[in-house]
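Everything on this sheet refers to the single structure shown next.
The values are calculated or read from the model by the stated rules, or taken from the named source; none is laboratory data. Since this is a predicted model, take the numbers as computed values, not measurements. Counting neighbours? That spans all protein chains shown, and the Cβs are built from the backbone with ideal geometry, glycine included.
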Ligand SMILES: CC(C)(COP(=O)(O)OP(=O)(O)OC[C@H]1O[C@@H](n2cnc3c(N)ncnc32)[C@H](O)[C@@H]1OP(=O)(O)O)[C@@H](O)C(=O)NCCC(=O)NCCS
């Protein structure tokens, strides 16, 4: 266990750190107030887990747990996962996912779902290495 690594839910005070990670992840600038607004909107629906190494945010994972018409148990989905490049291959994403799974399980979700890109072979290799497998074909229609 890496004692310098802390995993905890992001709070409003982490908005700047979350903004920096989202900016790096998506390549589009996200500022602190925007991240703060999104974090507030996610309350009760989605938990953003932050990975901190020696106090600095180096990764995040967002877990959505929502009610499900088809069953009495909730539906759990990881909607974002990112680790800063210089901190990769050190088990940080694995730790984030295990924490997210524990949160989902604690809320009664029997499975965790996620989407990843057909081209994102790194993410696919990562998810397979921690036990995820192909489940469905994701489809979308752009509305705007
Ligand atoms: C995918 C990502 C989150 C993995 O983060 P990470 O902290 O480096 O992953 P871990 O160190 O926990 O890796 C655990 C295992 O996953 C597999 N894995 C991780 N990265 C891999 C890679 N580039 N190639 C092959 N296997 C890989 C390995 O089995 C690894 O174990 P090992 O290092 O002992 O061999 C990270 O590469 C990332 O942030 N990528 C950009 C964002 C992204 O694509 N997110 C997913 C969106 S759906």
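What number of residues within segment 1-23 satisfy the criterion of being part of a loop (DSSP other than H, G, I, E, B) and either touching a strand residue (DSSP E or B) at 6+ places or on another chain (Cβ under 6 Å) or without any contact (Cβ under 8 Å) to a residue 60 or more places away in the chain (or both)? So the count comes out to 5.
Has segment 27-48 got at least one residue that is within 16 Å of the ligand (Cβ to nearest atom) and in a strand (DSSP E or B)? Yes: segment 27-48 contains one or more residues that are within 16 Å of the ligand (Cβ to nearest atom) and in a strand (DSSP E or B). Among all residues of segment 51-63, there is none that is near the ligand (Cβ under 8 Å from one of its atoms), farther than 17 Å from residue 8 by Cβ, within 16 Å of the chain's Cα centre (by Cα) and at pLDDT 95 or above.
Of these, 94, 98, 142, 105, which one is modelled with pLDDT of 95 or more, surrounded by 11 or more Cβ atoms within 10 Å (Cβ to Cβ) and more than 11 Å from the ligand (Cβ to nearest atom)? Going through 94, 98, 142, 105 in turn, the sole match is 105. Total residues in segment 108-137 satisfying the condition of being outside any helix (DSSP H, G or I), within 11 Å of the ligand (Cβ to nearest atom) and touching a residue at least 12 places away in the same chain (Cβ under 8 Å): the figure is 4. Would you mention how many residues in segment 64-91 are near the ligand (Cβ under 10 Å from one of its atoms) and not in a loop (DSSP other than H, G, I, E, B)? Selection size over segment 64-91: 8. In summary, residue 16 fulfils each of the numbered conditions (1) closer than 27 Å to residue 108 by Cα; (2) away from the ligand (no atom under 16 Å from the Cβ) with the single exception of condition (1). Checking the structure you have, find out if any residue of segment 35-44 is loosely packed, with under 11 Cβ neighbours inside 10 Å, over 15 Å from residue 84 (Cβ atoms) and touching a residue at least 24 places away in the same chain (Cβ under 8 Å). Taking every residue of segment 35-44 in turn, at least one turns out to be loosely packed, with under 11 Cβ neighbours inside 10 Å, over 15 Å from residue 84 (Cβ atoms) and touching a residue at least 24 places away in the same chain (Cβ under 8 Å). On inspection, residue 117 passes the criterion of being exposed (fewer than 12 other Cβ atoms within 10 Å of the Cβ) and within 22 Å of residue 23 (Cα to Cα).
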